[in-house]
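Here's the structure we're looking at; comments come further down.
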Amino acid sequence: MTITKDELLAKLNKDLEWEYAACIQYVQHASVISGAQYEGIQKELLVHAAEEMQHAVTLAEQIDYLGGIPSINVEKTETATDSVTLLQQDLKGERQAINAYKERIAEAESLREYGLRRALEDILIQEEEHERDVKSALE
């Protein structure tokens, strides 16, 4: 795998934009999700929102450390009127994040950016937990 530091920074900034979007989306989804069966996941979505914001902070710090400028742009968010669709949107986002972070970890490794790799691994672990939580709520 061949990637330049500038290419990695661009991808990290895109990941940062998705983290901003995930935070916003989780807050909104937690506010509009309804139904007694979703009471537990509603609270968990707010926990996810806080964790996504921490991911954004971690990414911004890593981007700055590597000589880049953290993005202030926000990627696309999704919403719906029914609870199942909201959770399906969240699950799709988590799966996208998991795939992106697996890629980014390999790219950081190829550039011998071991601190970045470690920070990304921590984010990946939480994204996988989020996926399990949302998937469980849908079952």
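Observations on the model:
- Normalised by residue count, the range 5-138 yields a Cα convex hull volume of 83 Å³ per residue.
- The chain: most fluctuating residue of Leu45, Leu124, Leu66 per GNM, C-alpha cutoff 10 Å: Leu66
- Radius 13 Å from Cβ of Ala80, net charge of other residues (Lys, Arg +1; Asp, Glu -1): -2
- Among Glu19, Glu127, Glu109, the residue with the largest mean-square fluctuation in a Gaussian network model of the chain, with springs joining Cα atoms closer than 10 Å, is Glu109.
- The slack between Val57 and Thr79, meaning 0.36 nm per residue of separation minus the straight C-alpha distance, is 5.5 nm.
- Pairwise FRET efficiency - Thr2 versus Asn99, Cβ, R0 = 22 Å, nearest 0.05: 0.65
- The label-point distance for Ser31 and Glu109, in a model that sets each label 7 Å from Cα toward Cβ, rounds to 4.1 nm.
- Within a Gaussian network of the chain (alpha carbon springs, distance under 10 Å), most fluctuating of Leu46, Leu111, Leu120: Leu111
- Taking 0.36 nm per residue of separation and subtracting the Cα-Cα distance, full extension of the segment from Glu128 to Ala50 would add 26.5 nm.
- In summary, the aspartates and glutamates within cross-link reach of Lys11, defined as a Cα separation below 14 angstrom excluding same-chain residues under 8 places away, comprise Glu19, Asp64, Glu75, Glu103, Glu107.
- Cross-link partners of Lys14 among lysines, defined as those whose alpha carbon lies under 22 angstrom from its own and excluding same-chain residues fewer than eight positions apart: Lys5, Lys76, Lys92, Lys102.
Bear in mind that the values in this text are calculations on the coordinates, not laboratory data. As the structure is a computational prediction, the values presented were derived from the model and not from experiment. Glycine gets a Cβ as well: all are built from the backbone with ideal geometry, and neighbour counts include every protein chain shown.
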